[in-house]
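Notes follow the structure.
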């Protein structure tokens with residue numbers, strides 16, 4: 001069975017014409033796919049013979065809303081989506097002055113095992129297809145009755161551990177024949193899979209790259225993020241320098257501020273030194289509460305001191321505003337569970 005929502009217009013055209021259908025039918029089918037139909041029977045201007053062909057040879061990868069929570073603090077919306085095979089993922093829609101942003105998942109669970117992240121603690125089941133990533137956006141748009149203009153791949157999973165499907169997603173979602181969301185409005189976050197950073201740099205897309213850092217030395221980072229045992233800080237920073245030089249685009253470094261672990265003034269000084277001469281922005285994130293982790297967020301005083309030291313050294317940085325904290329929709333809190 002073919003995952004038809006992961007095909008572009010040319011691929012759908014080939015599928016239909018090779019099976020005896022008119023070329024123009026492909027555009028009609030794609031229009032319905034972009035509208036988020038959940039059944040081939042919903043394609044009103046498609047002949048019965050074509051509907052039966054699609055039912056027999058393809059399937060619709062949809063994201064069914066199983067549960068929805070709305071924050072009372074900031075109107076952030078968290079969705080628990082049920083996929084076609086019964087697996088669950090979570091996505092979050094956030095409101096900013098520049099429009100609506102959705103944080104989507106790229107995997108069911110995660111293999112990376114970062115110590116502060118609820119997703120990794122739930123284990124790993126499988127990768128999501130490009131169509132399942134798009135389906136999260138479509139379902140949220142239909143439910144909220146609004147266009148979502150920005151996408152961040154920072155939900156469940158490590159995007160670069162599902163590299164081929166993520167690149168296919170970027171091609172589809174940015175196409176004028178699909179959701180037509182510009183690459184500059186899309187951000188991919190990685191915990192530091194170094195070979196894929198090089199691959200992504202060579203593509204020279206206009207997509208934004210975010211790298212989870214969270215520590216300034218290998219010992220501490222390996223304790224927090226097991227990926228560092230394979231790709232240490234030296235290898236990671238070298239890859240990041242390559243990315244900025246190749247693309248001339250800024251990297252955002254995510255840094256979870258953990259009380260008593262990585263938030264001292266010495267840590268700030270070392271971070272500024274580590275990132276010297278890299279085109280970057282540092283996003284300081286007060287770590288969020290996660291079941292099974294004893295980490296606590298840094299005190300406001302530590303946050304401000306850390307920020308001031310980075311600024312003193314010319315490192316562009318901000319403290320991220322926490323959204324959706326009352327519904328466990330903040331960074332590191334997503335999981336594949338109905339206990340939202």
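As a length-normalised measure over Cα pairs under 8 Å and 6 or more apart, the relative contact order of the chain settles at 16 percent. What is segment 2-59 by shape, rounded, prolate or oblate, if you read a ≥ b ≥ c off the alpha carbon gyration tensor as root eigenvalues and call it rounded for a/c under 1.5, prolate for a/b larger than b/c, and oblate otherwise? It comes out rounded by the Cα gyration axes.
The helix-based estimate of mean residue ellipticity at 222 nm for the chain, built from -39,500 (n - 2.57) per DSSP H run of four or more residues and divided by its residue count, is -10000 deg cm²/dmol to the nearest 500. Taking the alpha carbon gyration tensor of segment 102-188, multiplying each eigenvalue by 5 and rooting it gives semi-axes of 23, 14, 11 Å, largest first. How high is the relative contact order of segment 2-59? Use alpha-carbon pairs under 8 Å, at least six apart in sequence, and give a whole percent. Value for segment 2-59: 38 percent. Relative to its Kirkwood radius, the Cα radius of gyration of segment 1-97 gives an Rg/Rh of 1.10.
A Gaussian network model of the chain, with springs between Cα atoms under 10 Å, assigns the largest mean-square fluctuation among 204, 219, 44 to 44. Cα centroid separation, segment 297-326 to segment 194-242: 21 Å. Which one is right for this structure if Cα extents along the principal axes in Å is calculated from it: (1) 69, 42, 36; (2) 82, 41, 40; (3) 64, 41, 37? Comparing each candidate, only (1) matches the computed number.
Relative contact order of segment 84-207: 25 percent, from C-alpha pairs under 8 Å at least 6 residues apart in sequence.
Any read-out appearing in this document is the output of simple, stated calculations on the displayed coordinates, not a laboratory observation. None of these values were measured; they are calculated from a predicted model.
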